[in-house]
1. Can you list the strands (runs of 3 or more DSSP E) lying wholly within the range A:156-256 that have 3 or more residues being surrounded by fewer than 17 Cβ atoms within 10 Å (Cβ to Cβ)?
2. As an exercise: evaluate B:Phe18 against (1) surrounded by fewer than 23 Cβ atoms within 10 Å (Cβ to Cβ); (2) away from chain A (no Cβ under 14 Å); (3) not hydroxyl-bearing (Ser, Thr, Tyr) and give the number of the one condition it does not meet.
3. Enumerate the pairs (first residue in the range A:177-194 and facing chain B (nearest Cβ under 7 Å); second residue anywhere and part of a loop (DSSP other than H, G, I, E, B) and surrounded by fewer than 18 Cβ atoms within 10 Å (Cβ to Cβ)) with beta-carbon separation below 9 Å, excluding pairs fewer than 6 apart on the same chain, so at least 6 apart or on different chains.
4. In the range B:32-58, what residues are open to solvent by 40 Å² or more (accessible area, probe 1.4 Å) and away from every other protein chain (no Cβ under 11 Å)?
5. Counting only residues that are surrounded by fewer than 20 Cβ atoms within 10 Å (Cβ to Cβ), in contact with an Asp or Glu (Cβ under 9 Å, 6 or more places away or on another chain) and touching a residue at least 60 places away in the same chain (Cβ under 8 Å), how many does the range A:50-76 have?
6. Examine the range A:105-124 for a residue that is touching a helix residue (DSSP H, G or I) at 6+ places or on another chain (Cβ under 8 Å), part of a helix (DSSP H, G or I), more than 14 Å from chain B (Cβ to nearest Cβ) and touching a residue at least 12 places away in the same chain (Cβ under 8 Å), and state whether such a residue exists.
7. Does A:Leu94 meet the test of being of a type in the set (A, V, I, L, M, F, W, C) and not in a helix (DSSP H, G or I)?
8. Quick one: is B:Phe235 crowded, with 20+ Cβ neighbours inside 10 Å and among the aromatic types (Phe, Trp, Tyr)?
Amino acid sequence: MKIGVCAKITPDADARIKVAADGQSIVLDGVKFGISDYDEYAIEEAIRTKEKHGGEIVSFTVGDASADKQLRSGALALGVDRSVLVTENPGDPLGIAKLLAAAIQKEGGFDVVFTGKSTIDQQNFQIGTMVAELLGWAHVTQVTALEFEGNQFKATRNMDAGIRQVVAGTLPAVISCEDGLNTVRYAKLPDIMKAKKKPLDSVGAGAIGGDAGAARSSVGNLAPPPARPAGRMIEGDAATAAKELVRLLRDEAKVL
Amino acid sequence: MDVYRPPLDDIRFNLEVFGYAERIESIERFADFDLETAMSLLEEYSKFCVDVLKPLNASGDTVGVRFDPADHSVTTPDGFKAAYAGFTENAFNTIPWNPEFGGMGAPFSLSTLASEVLIATNKSFSMCTGLTAGLIEALEAYGTDAQKEHYLHKLVSGEWAGTMCLTEPQCGTDLGLVSTTAVPSGDGFELTGTKIWITFGEHDLTENIVHLVLARLPDAPPGIKGISAFLVPKFLDDGSRNPIFCGGTDHKMGIHASPTCVMNLEGAKGWLVGEAHKGMRSMFVMMNAARLNVGIEGVALAEAAYQAALAFAKDRRQSRSLSPKKQDRTSDADNILVHPDVRRMLLNVKSTNEGLRGLVAWIAMSYDVMHHAADAAEREKAEDLVALLTPIIKSYGSERGFANVSESMQVMGGAGYTKDWPVEQYMRDVRIAMIYEGTNHIQALDLVGRKLPMHGGRLMRVFAGEVTALLRECADDPRMAEFTGPLKDESKRLNATTMEMGAAASADHEVIGAVASNYLNQFALVTLAYVWAKQAKAVLELDEADPKRRSKLQTARFFYQMVLPEAATYARKVAVGKACMTDADPDLF
């Protein structure tokens, strides 16, 4: 199978994020970057698919030229065969999706492309769906289990209230990956060394015949969540306090 | 509550400060391991340690190992076997070893700095790979080609584990008393005797265990010059069980998930490593690396304890600041970081520990230089520094490490003493570092009795040369004066102490036994002052607003004003000599 995977470089999940003075971006100094958590599931699924069905894995990233560091250690070292890095900075998700779709088309011949269900920085939940639409392929979101047989796929997706939906379809398809689909492996140290020599193409939009186009949406304002208010101590012995706690949860917080 | 995060930024900083690019990357065999690549390796390694090994630390402590006398087996706590399989599958144990035997061929300094994270997340676990590392080193140096071929592939891959069987009931520090015997038999020897305190002597992590056993041949001269080293595998090539059996595991204060075994050799088959009667040589090969690693144990657990104490302190409100301006009127009490004494404790730990980490980075890199640099003079200089400063890292690192874990607990008050936080475990786990791998006093004797006189005092001159070079580099920088002044004074004082001690000791050897431990601590503080001056000089290159620059300079300042003065006290204790100890009537004890 020819397998594609989309991977975005984002601040680490445990990075301390501060809003920049412009109120529209975040302070990048001193922030550690890595591949977005859900995209790590996509990479892992790509590798497992290759292990089972053979083939080749190509990753696609739209981002800064400095992303090669994270791509080598977070994608190529794990088992992605080569990476394409489109060094553009589109203003909205649609721009990113257009460039990814163009790069995937330019490369050509894919059976399946994996993406994360969203990225942990912007959380727009749009890329996979837009890429599928631009390519005109089948698409399933939030996948937690997946099988391939011939040119068919069967995907299980999580819905609200614990309901699971099983979707079958014909390849090529874009599969967006949810937590629980797999457990991400660690890179073997020798593979980190080998990854230094794997092909990583840094290209501009022109080289892939892509055009992000004008942004149709923009970030108006970023604000940190409000500071957590101080907790309230409930006085009295255990029995009284428990009663009061239940009353507060029911009448004030309205969570019971 | 466990908040530990690997201090990879500080590890990287120290690699840079002590010249990774110039000293290590420039060595041809390490050309692939540029700093970026090196950090990628350490990041992946650390991720595994935090995700997989750290969650097993407290449970391993609670459950401990299980010995079954019926079949002499030792079972490690739940999760250890899978964790070991994952650790070796990802080749985290192969960093410094020869590619010929399946190793990565990366700098020893990287595996050494990585081990800080391994120990901080699970000290018990680290003991298994640590002992195997010692055996690999000894075999690389003294094994025959056939032995290397036979054992090294599986020891490097981690399919087999190794041990060091030195101690016996009647012989601990004094290995000349070894009484285990080896008599010729077939193509090898048969060994009989009892070994104690054998770390990972028996366990269920690997399919085979290879023991390096010290024993005496029938024609051995008495004492330390009659000791030979033998390889004794648990299972022989034909799959049969070699009679080297675990007779029980010790119930210890800490490192409960690391089995400490009695090993009974009942005519076990073994093969000589190196020359007959020269077994101590094989031991000394791995001694520097092993002792360096024990010093790191202090650094590792002090770092983990410090992070816990800091997290606690940032959250805790208690009493009012004595400075009205710092009082927080929106609350009934102030955050305890307003109290100078809380800061004193935290900075005591931070300043000594970050200094020790720098010292470890410097000496670990010197270890690579000593083995692999192209230039012979450079190799010799590095070897001198490794020999001189390894006992200091082992002894001061473990002693200060224990004190630092205790100080961290003090910051946390009663909370630190409970099992709600990991600090009480760290304190139990780190205490052994002052004892094993040569007690700290043995380190002091090694420093004073062996390292100072070695090559006519050359080692000390090499160290002094490094200090002088730094002082010269900084002479025109007024920003460095607050560090270079005291560094110069304390170096002079150390020099004077060394001369006076040398004169007193040549007249009376017993003086060495009385003063060596205090001398080592004085030396350690001067060494850390040198390290802090190097770190301060490096951050002065950074932008004034850079948080790293501010943090390092303030910590350096604390070290120079609040810790370095201890050096003068140690010097005074050395100066008084032995009388107050040796004159005491035996009835006093």
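The values are calculated or read from the model by the stated rules, or taken from the named source; none is laboratory data. Small disclaimer: the values here were computed from a predicted structure and weren't measured. Every residue, glycine as well, gets a Cβ built from its backbone with ideal geometry; the counts of neighbours run over all protein chains shown. Side chains included, ligands, DNA and RNA excluded: accessible areas come from the protein's heavy atoms. Shrake-Rupley method; radii C 1.70, N 1.55, O 1.52, S 1.80 Å.
1. Qualifying strands (runs of 3 or more DSSP E): A:164-170, A:200-203.
2. (1)
3. A:Met193/B:Asp32
4. Answer for the range B:32-58, where residues must be open to solvent by 40 Å² or more (accessible area, probe 1.4 Å) and away from every other protein chain (no Cβ under 11 Å): B:Pro55, B:Ala58.
5. Total satisfying the criteria: 1.
6. yes
7. Against the criterion (of a type in the set (A, V, I, L, M, F, W, C) and not in a helix (DSSP H, G or I)), A:Leu94 does not qualify.
8. no
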